[in-house]
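The values are calculated or read from the model by the stated rules, or taken from the named source; none is laboratory data. From a predicted model like this one, the values you see are computed outputs, not experimental measurements. Please note: Cβ atoms are built from the backbone with ideal geometry, for glycine as well, and neighbour counts cover all protein chains shown.
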Amino acid sequence: MAHTVRFTKMHGAGNDYIYVDTSIYRISNPQAVAKAWSRPHTGIGSDGLVLIGRSGTGDTGFTMRIFNADGSEALMCGNAARCIGKYLYDKGITRKKEIRLHTLSGMKTLRLHTRKDDTVDSVTVDMLEPALSDKTKVGNEEGRLTEAAIEADGRKYTGTFVSMGNPHFVVFTDNISSCDIARSGAALERHPIFPERCNIEFAEVLPDGDIRTRVWERGSGITLACGTGACATAVAAAVTGRAGRRCGIVMDGGRLEIEWNETDNHVYMTGPAEFVFEGQADIPQEDRP
């Protein structure tokens, strides 16, 4: 017997997820559902599944859980956070333009920017402070990699580790079009130095100061955009002297504006959020725990 759930598909700069309001629908085995629904031919097709919950009564706060296309649970996704802001406001669940969102990497604040028709056009997310060292995510003595070389798949890659709650390794290149994102990303994601696996960014600083970035996401593969990846790229560029504390990150799915604020050391990300379509899907009996 199947259990039917209504869902909303959304994307932020091309990073697309399936959103379910868990105050209405209960999903007992989100890992299995994420894998089944994310498949492009036999499922809905997406980068993963996002569960929206309530942290208290009324609209005092909301929660996000995110499961990648392979069923693994992610700590945070900036693009998904922006989409949740639009979902909550445009559907009338909250009328606040500043929303508290509780994630596995901490509480994030969303600031909503609306159009004349009072629908959300873009969202700024306070992504909190970046971390340049973390011994749980980088398996060396310092838990740090800054302009450091590691070898994978018979090649050396020089990059910088940045944690935005989830781990990123940013590799700068003079010609991003020559990068084999699939091969290199897959090899680096599972490099032994990353005990929890890692998100991989390949980045090129453009003549106008923007940074062209392509992403291999842990658990999902190549995606059109990654919010935490954009933040990590901007921080890595600033740390290595390639850019200042404000820059545009141009990903396959669109552009994100990133500011690494000097006053509070927080990273602020601004970008679009869009509805794609709504529908309903079954959770088969065999996918339940």
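Only a single item in (1) modelled with pLDDT of 95 or more; (2) under 16 Å from the mean Cα position of the chain (by Cα) is not met by G165, and it is number (1). The C-beta contact set for the range 89-108 (first residue under 21 Å from P167 (Cβ atoms) and outside the structural domain of S163 (by TED's automatic domain parsing), second residue part of a loop (DSSP other than H, G, I, E, B) and not small (G, A, S), distance under 6 angstrom, 6+ apart or interchain) comprises T103/M76; L104/L75; S105/L75; S105/M76; G106/L128. Tell me yes or no: at least one residue of the range 154-173 is farther than 28 Å from A81 by Cβ, in the same structural domain as G209 (by TED's automatic domain parsing) and of a type in the set (D, E, K, R). There is at least one residue in the range 154-173 that is farther than 28 Å from A81 by Cβ, in the same structural domain as G209 (by TED's automatic domain parsing) and of a type in the set (D, E, K, R). Looking only at residues that are out of contact with any Leu (no Cβ under 9 Å at 6 or more places or on another chain) and of a type in the set (A, V, I, L, M) in the range 216-228, which one is surrounded by the most Cβ atoms within 10 Å (Cβ to Cβ)? Residue satisfying both the conditions and the ranking: L224. Considering every residue within the range 5-17, establish whether at least one is at positive phi, in contact with a helix residue (DSSP H, G or I) (Cβ under 9 Å, 6 or more places away or on another chain) and among the small types (G, A, S). Yes; the residues of the range 5-17 include at least one that is at positive phi, in contact with a helix residue (DSSP H, G or I) (Cβ under 9 Å, 6 or more places away or on another chain) and among the small types (G, A, S).
For the residues R26, R65, R6, the requirement of being modelled with pLDDT under 95 and either more than 15 Å from the chain's Cα centre (by Cα) or of a type outside the set (F, W, Y) (or both) singles out R26.
Just the residues that are under 19 Å from V125 (Cβ atoms), free of Cβ contacts under 8 Å to residues at least 40 places away in the same chain and buried (at least 19 other Cβ atoms within 10 Å of the Cβ), please, taken from the range 10-64. V50, L51, I52, M64, listed by residue number. Does T213 fit the bill of being of a type in the set (V, I, T) and surrounded by fewer than 23 Cβ atoms within 10 Å (Cβ to Cβ)? No; evaluated as a whole, the condition is false for this residue. A single entry from H113, H11 fulfils the requirement of being within 27 Å of I249 (Cα to Cα), modelled with pLDDT of 95 or more and under 14 Å from the mean Cα position of the chain (by Cα): H11. Under the condition of being at pLDDT 95 or above, assigned to a loop (DSSP other than H, G, I, E, B) and either of a type outside the set (D, E) or touching a His at 6+ places or on another chain (Cβ under 9 Å) (or both), the residues counted in the range 254-289 number 5.
Taken over the range 1-53, the criterion of being part of a helix (DSSP H, G or I) and among the β-branched types (V, I, T) is satisfied by V33 alone. Annotation: F169 fulfils all but one of (1) within 24 Å of T263 (Cα to Cα); (2) assigned to a strand (DSSP E or B); the unmet one is (1).
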